[in-house]
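Presented below is the structure to which this report refers.
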Amino acid sequence: MINGQIYSADLPERDKVVYLYLKERCGKKNECYTAMKTVAGDLHLCRKTVQRAVGDLIEYGYIKTEQRWRENGGRSTLVYSILK
């Protein structure tokens, strides 16, 4: 997806802001590993708002997520993959 198209998408503004934030941090594989707490803090949004936005973006096929795990079995950050 061309970045400009996200602006005309029928999504709440929070979804667009979170999408653009994640896309800006992606590398060559269209993946980023930013913690949700970091996204919320950088965008001055509450964590629940970011979680709702990520859920919407997954539902509408803009992104997918995959849980990463530490060697000790604990959770690490999510991998966000940009699909559009």
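Among the residues of segment 49-84 satisfying the criterion of being open to solvent by 60 Å² or more (accessible area, probe 1.4 Å) and part of a strand (DSSP E or B), which is modelled with the highest pLDDT?
For segment 49-84, the residue satisfying everything is Lys64.
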Could you tell me whether Ala35 is more than 24 Å from Gln5 (Cα to Cα) and open to solvent by less than 60 Å² (accessible area, probe 1.4 Å)? yes
Could you check segment 6-32 and list, in sequence order, the residues that are assigned to a helix (DSSP H, G or I), of a type outside the set (D, E, K, R) and crowded, with 17+ Cβ neighbours inside 10 Å? Ile6, Val17, Val18, Tyr19, Tyr21, Leu22
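The values are calculated or read from the model by the stated rules, or taken from the named source; none is laboratory data. These numbers were taken from a predicted model, which means no experiment stands behind them. Because the Cβ atoms are built from the backbone with ideal geometry, glycine has one as well, and the counts that use them run over all protein chains shown. To get the accessible areas, we keep the full protein, side chains included, count just its heavy atoms, and leave off ligands, DNA and RNA. Shrake-Rupley method; radii C 1.70, N 1.55, O 1.52, S 1.80 Å.
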